[in-house]
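First up is the structure itself, then whatever we jot down about it.
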Ligand SMILES: [Zn+2]
């Protein structure tokens, strides 16, 4: 990418907009239209991160980092300069396309009885929740046609990973959840890999903006765990979409003092509990209170609620959580 293209990219991705899309919030305004807030690059307790939207520059008085949106992307995602450029290009180009795909999949959900039946079987039945999470269904062999008809070039669909190199819809027979900058698809078929993301990062913690307001946060592995807990009335729940947190997700959990209830799957080989133990140690090193929730053998929060567990019973599991 030449100098001119780099300048163009920086113009198209304003720093403040990029920060806000990554959940940065200013704490107070300064003179000349500048803003001050908590630093997303280190564990910051007093606002030390200065943003100048006119110059498109940032500087942190806490950790000393500073620069433009590309430098920010490098530090934030812990990637090289060329990788940061690629991420920003993707972010710039992908947002409307993914939105369009998510909207299409959401419309498909109620047209496919087996998709609704699958949600029922996984204990997801609240219409409000389905709307809120914008849960959709990818039947396969129709997204490409729809998006090209809307004017999106096939190359863009391929680049976003929505369509395979061979030209087929990537997601087929999958329940789809829109994430921040990605889509997650859960297969209805037992014959293929159950979990699939589009290429690129899985993004931050799911539902973090809501959960972070609470002093106690329940961390789960899967979106179906998140869904049943939300349905049972728990609003202080967030999802890592896997056992291992990326650096960004870990920083999110540590962005304030709180208790984290680690509710990873109680699988029989113990890998979930091992991951929970390691994570609990890392959280304690950051001064957080971490507690491990013990589910009945072989259960995850989803199966716990599907098999008639209720909010009161889950609450007593939280109360019994051990450090
Ligand atoms: Zn900093």
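All of the numbers you see were taken from the coordinates with simple rules; none came from a lab. Everything quoted here is computed from the prediction, not taken from an experiment. FYI the Cβ positions are ideal-geometry reconstructions off the backbone, even for glycines, and counts take in every protein chain you see.
Some values worked out for this structure:
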item: Alpha-carbon radius of gyration plus Dmax, which is the widest Cα pair, for region 1-73 in Å; result: 12.2, 39
item: Bridge type composition, the chain - antiparallel percent by DSSP, nearest 5; result: 70
item: Region 205-296 - Rg (one decimal) and Dmax (whole number), Cα, Å; result: 12.0, 34
item: Mean projection area, nm², convex hull over Cα of region 129-251; result: 8.6
item: Most mobile listed residue (251, 196, 11) in the chain, GNM with C-alpha springs under 10 Å; result: 11
item: Per principal axis, descending, Cα span of the chain in whole Å; result: 57, 52, 33
item: Cα-based radius of gyration of region 105-165 once divided by 2.2 N^0.38 Å, which approximates compact folds; result: 1.32
item: Residues 316, 65 arranged by fewest to most Cβ contacts within 10 Å; result: 316, 65
item: Percent RCO, i.e. relative contact order, over region 121-269, from Cα pairs under 8 Å lying at least 6 residues apart; result: 19
item: Computed lengthening from residue 214 to residue 86, 0.36 nm per intervening residue step minus Cα-Cα distance; result: 42.6 nm
item: Sequence-separation-based contact order of the chain, relative, with Cα cut under 8 Å and 6+ spacing, percent; result: 11
